[in-house]
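Asks: Okay, handing you the structure first.
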Protein chains: 2
Amino acid sequence: MKKNILYAQSGGVTPVINATACGVIETARQNRDRIGKVLAGRDGIIGVLREELIDTTRERKADIAGLRHTPGGAFGSCRYKLRSIEESRREYERLIEVLKAHNVGYFFYNGGGDSADTAYKVSQIGKKLGFPVQCIGVPKTIDNDLPVTDNCPGFGSVAKYVAVSILEASLDVASMASSSTKVFILEVMGRHAGWIAAAGALAQREDGDPPHVILFPEIPFDRKAFLARVKQAVETHGYCSIVVSEGVRGPDGRFLAEAGTRDAFGHAQLGGAAPVVAEIVKDGLGYKYHWAVSDYLQRSARHIASETDVEQAWAVGAAAVKLALEGKSGVMPVIKRVSNDPYRWKIAETRLSRVANREKKMPRSYITKNGFGITPSARRYLEPLIRGEAYPPYDKHGLPKYVRLKKAMVKKVLPEFEV
Amino acid sequence: MKKNILYAQSGGVTPVINATACGVIETARQNRDRIGKVLAGRDGIIGVLREELIDTTRERKADIAGLRHTPGGAFGSCRYKLRSIEESRREYERLIEVLKAHNVGYFFYNGGGDSADTAYKVSQIGKKLGFPVQCIGVPKTIDNDLPVTDNCPGFGSVAKYVAVSILEASLDVASMASSSTKVFILEVMGRHAGWIAAAGALAQREDGDPPHVILFPEIPFDRKAFLARVKQAVETHGYCSIVVSEGVRGPDGRFLAEAGTRDAFGHAQLGGAAPVVAEIVKDGLGYKYHWAVSDYLQRSARHIASETDVEQAWAVGAAAVKLALEGKSGVMPVIKRVSNDPYRWKIAETRLSRVANREKKMPRSYITKNGFGITPSARRYLEPLIRGEAYPPYDKHGLPKYVRLKKAMVKKVLPEFEV
């Protein structure tokens, strides 16, 4: 009997996580002879635990195709981390029960390092409980912090958004700087690693081009050096354009933007490094400033997605199905860079145990010695990831045609479960 | 002898003010038999006073065409208001001197209400001083607050950016809301009028669609009604998506943005109605929130410009040249809506005296009775303005090809002048 795929989205969504879902579903549909249905957890793993499963076979072909250009998480996502098998045994057992009840042979978990860890553990416990399920991690994170894979689907589009946005805003500031705003600060995501902030530098083409300062989480904030740099930019170019990561910390190790609240994982909830940096500029130099915090806009801006990113996101979804058909478990499809110029990539695979709970930091060699810019090697790495445009279709009213799924639910057969 | 045009950009720039410059220069070049050069004030009127004039004839045809898709102010702009002729007589006389010295017969001032006023005064004083110059105001403002014209070039593109952005961010929040962020707040510009905030509502297609709350500068902020509305949205849809104008005021008349939350360091957070609204949500309802402040991004996002807006921006520039050739002075080309469905518009003209220093407020009838949304008449007015996409070309690295002008300066012939 053909087995079903259970697909779940995990953690923060990206402009292209649905392109991965599209890759999974379209490829599964092409292999109807060997694969049953693709079921999707509503709101991620929480829905799976609650036996809230969406039957994707009820969705129209055009809507599944439309996932390729629709941002957000079409089936819903959540931040819910399963801990060790000992601590979360109840959840793992329930998971296996749900998989069993719905004839699931393949569990695809689409997320970051935490999700790779969960998928790995599910593959372990399935065997122990006598219900072997093939578990495949599918990479996704705007933070680009997964190991092994050359880059993470989701990152390239955010990088393109940040590069285009700082390019455009810098043209704005430059036009007015002689009599008005001299310093513009754009805050971007990236709690622990400066990949997203680094992408701002892609806006530079010639010496002196904006952004003039990038503040990385990797480099402790040095007020004096920062102010000297801003002053120099204003005196040389008439204005200063700054990209600041939400994860920048002071010399004391505290986030510049620490808000004190914490999310479900116990991470400090950030937001507002830009206004703090603006205050420092005002106090130290007295320049007129403006600041922007792009927050969710950056990770949902499908309208300015990178074509490379969309293709890779689709490809890892399709590859997950192929790995499943090859009988693999405990693995993740990854992107392997074949060459830089011309940029070529292919899909490879890795063991989930190599990915789980490991963070890929940005190499120090990617940041210039002064700590405010990126090096040529960083540029060679980043540049291909934002290449190409992949516009969504628009309706006659001038808005992108993003799909809305029916989300027909599979009938529950198990008792309720408290999550 | 053929007279030159002097063109100057004024005030905050827009994603399409350069499309207007393109319309002026391309149309003037088509009329070489009757018009001399187009000169442009560097950094607007300040450059004119300083006799810093850019010779646009030195720019390549392709670069002038590229202005149509380049954001910012290509010749530079400034915030510098000439006061009454009595108070600013020295500046007006200098202006006339500069125009005379450079054989300028036509002064085009591309800006908002203040600029229309200045252009009007220059036309008056030119006559008095025996150097009649044809003065044409050319409309531009993202705030959409000029009278007479149906809408202002610049507004449509910002409106499109806001509608697309809140649509995308809402998909993001909706996917995560069951276990994470429930309230998303996007702050937009518009200090005195809610036109830009109202544009967020264009993201709505069906009942219950986001944004669920819009906070207008026209409606005094009512904490209790606001919290009730947010609560209802979260209970009904699982999340609440909010657009807040930077110009929202409390019942005491003070800007909400000045209400002053403090960050972890005890610094007052500067600017930012969004973080204040977020704090109110947290205090009143305890929901997890995220907020974004798009600031300059919204008014420089040429990558998501409205095609209608780009066409109108070009058309008012071209029309200014035609008015000049017809011998007109003290006038402004305006956009006249011919019909709503299908949307048709044409260029008309009005007297600058009818435009100068008058602000077009958003009619109260455009805001729903509860104060949190827009009415069908507002939708009919706004919808056509964001229609059509007008993407800039991209280079092979994945970035828009925005032009950089040479900005060759005209030789100075007058004594220095202190501005």
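Taken together, the values in this text are just the output of simple stated rules run on the coordinates, not laboratory data. All of these numbers come straight from a predicted model, not from anything done at the bench. Every residue, glycine as well, gets a Cβ built from its backbone with ideal geometry; the counts of neighbours run over all protein chains shown.
Asks: Residue by residue through segment B:50-58, which ³J(HN,Hα) values in whole Hz follow from phi under the Karplus form 6.51 cos²θ - 1.76 cosθ + 1.60 (θ = phi - 60°), with glycine and proline marked x?
Replies: Rounded to whole hertz, the list is 7, 6, 9, 10, 8, 8, 6, 5, 7.
Asks: Out of A:Tyr120, A:Gly208, A:Pro275, whose Cα points farthest toward the positive end of the dipole of chain A (charges: +1 Lys, Arg; -1 Asp, Glu; placed on Cβ)?
Replies: A:Tyr120
Asks: Taking the convex hull of the Cα atoms, report for the protein assembly as shown its projected area averaged over all directions, in nm².
Replies: Reported value for the Cα convex hull: 35.0 nm².
Asks: Continuing with the same structure: Check which residues have an amide H placed less than 5 Å from B:Leu146's amide H, if you skip close sequence neighbours.
Replies: So B:Leu146 has HN proximity to B:Lys360.
Asks: Cα-based count: Lys pairs in segment A:1-143 below 18 Å, eight or more positions apart or different chains?
Replies: Going through segment A:1-143 pair by pair, I get 12.
Asks: In angstroms, what radius of gyration and Dmax does chain A have, counting Cα atoms only?
Replies: Cα-based Rg and Dmax for chain A come out at 22.4, 73 Å.
Asks: Quick one: grab the alpha carbon gyration tensor of segment A:1-85, order the square roots of its eigenvalues as a ≥ b ≥ c, and give me rounded if a/c is under 1.5, else prolate or oblate depending on whether a/b is larger than b/c.
Replies: oblate
Asks: Please state the charge dipole magnitude for the protein assembly as shown, taken about the Cα centre, from unit charges on C-beta atoms (+1 on K and R, -1 on D and E), reported in debye and rounded to the nearest 20.
Replies: I would put it at about 1400 debye.
Asks: Moving on. Across peptide B:178-185, what mean number of C-beta atoms from other chains lies inside 10 Å of a residue's C-beta?
Replies: 5
Asks: Provide an ascending nm list, one decimal, of label-point separations from B:Lys406 to the equivalent residue in each further copy; define each label point as 7 Å from Cα along Cα→Cβ.
Replies: Copy-to-copy label distances at B:Lys406, shortest first: 6.3 nm.
Asks: Then there is this: How high is the relative contact order of segment B:155-300, in percent, with contacts defined as C-alpha pairs under 8 Å that are six or more residues apart?
Replies: 29
Asks: Can you order the peptides A:27-33, A:339-345 by their average number of other Cβ atoms within 10 Å per residue, highest first?
Replies: The packing order, highest mean first, is A:27-33, A:339-345.
Asks: Indicate, rounded to the nearest 5 percent, the antiparallel portion of the DSSP beta bridges found entirely in segment B:155-300.
Replies: 10
Asks: Now for a separate question. Using unit Cβ charges (K, R positive; D, E negative) and no other charged atoms, how large, in debye to the nearest 20, is the dipole of segment B:302-419 about its Cα centre?
Replies: Charge dipole, segment B:302-419, about its Cα centre: 180 debye, nearest 20.
Asks: Relative contact order of segment A:1-129, please, whole-number percent, based on alpha carbon pairs below 8 angstrom and at least 6 residues apart.
Replies: Relative contact order comes out at 37 percent.
Asks: Need one number for segment A:155-302: average projected area of the convex hull over its C-alpha atoms, nm².
Replies: Quarter of the Cα hull surface area: 8.7 nm².
Asks: Still on this structure: Explain nothing, just compute: Karplus ³J(HN,Hα) = 6.51 cos²θ - 1.76 cosθ + 1.60, θ = phi - 60°, for every residue of segment A:94-99 in order, whole Hz, x for Gly and Pro.
Replies: Once θ is set to phi - 60°, the couplings for segment A:94-99 become 4, 3, 4, 4, 5, 4 Hz.
Asks: Right, here's the next one. Only helical DSSP H runs with n ≥ 4 go in: add -39500 (n - 2.57) per run for chain A, normalise by residue count and round the 222 nm mean residue ellipticity to 500 deg cm²/dmol.
Replies: -10500 deg cm²/dmol
Asks: Cut-off 10 angstrom, C-alpha nodes, Gaussian network model of chain A. Which of A:Arg205, A:Arg380, A:Arg60 fluctuates the most?
Replies: Result for chain A, Cα springs under 10 Å: A:Arg205 fluctuates most.
Asks: Mind checking the mean number of beta-carbon atoms from other chains within 10 Å of the Cβ atoms in A:378-387?
Replies: Partner-chain Cβ atoms within 10 Å, mean over residues of A:378-387: 2.
Asks: Could you work out which residue, out of B:Asp207, B:Asp55, B:Asp145, moves most in a Gaussian network model of chain B, that is, has the largest mean-square fluctuation with Cα springs under 10 Å?
Replies: B:Asp207
Asks: Now a separate question. In segment A:1-146, what is the volume of the convex hull around the alpha carbon atoms, normalised per residue and reported in Å³?
Replies: Roughly 95 Å³ of hull volume per residue.
Asks: What are the semi-axes of the equivalent ellipsoid of segment A:306-419, taken as the square roots of 5 times the eigenvalues of the Cα gyration tensor, listed largest first and rounded to whole Å?
Replies: 33, 25, 17
Asks: Please work out the FRET efficiency for the pair B:Lys2 and B:Arg191, using the Cβ-Cβ distance as r and a Förster radius of 45 Å; give the result to the nearest 0.05.
Replies: 0.60
Asks: Which residue fluctuates the most in chain B, going by a Gaussian network model with Cα springs under 10 Å, if the choices are B:Glu51, B:Glu279, B:Glu86?
Replies: Evaluated over chain B, the most mobile residue of the options is B:Glu86.
Asks: Further, regarding this structure: Quick check: Cα centre of segment B:101-157 to Cα centre of segment A:191-265, how many Å?
Replies: 40
Asks: Could I ask something else about it? Which peptide among A:6-13, A:40-47 comes first, and what is the full order, when sorted by highest mean count of other Cβ atoms within 10 Å?
Replies: Descending mean neighbour count gives A:6-13, A:40-47.
Asks: In addition: List the residues, sorted by chain then number, that are 5 or more residues from B:Ile374 or on another chain and whose placed amide H is less than 5 Å from its amide H.
Replies: Answer set, sorted by chain and number: B:Thr368.
Asks: Could you work out how far apart the two model spin labels at A:Lys231 and A:Ile85 are, taking each label as a point 7 Å from the Cα in the direction of the beta carbon, and quote it in nm?
Replies: 6.1
Asks: Can you compute the charge dipole magnitude of segment A:155-302 about its Cα centre, using +1 on each Lys and Arg Cβ and -1 on each Asp and Glu Cβ, nothing else charged? Give it in debye, rounded to the nearest 20.
Replies: 100
Asks: Work out the mean other chain Cβ neighbour count within 10 Å for the residues of B:155-166 and drop it here as an integer.
Replies: Rounded to a whole number, the mean comes out at 3.
Asks: Each residue of segment A:120-130 in turn: what ³J(HN,Hα) in whole Hz from Karplus with 6.51, -1.76, 1.60 and θ = phi - 60°, glycine and Pro shown as x?
Replies: So the Karplus estimates, Gly and Pro as x, are 4, 5, 5, 5, 5, 6, x, 4, 4, 8, x Hz.
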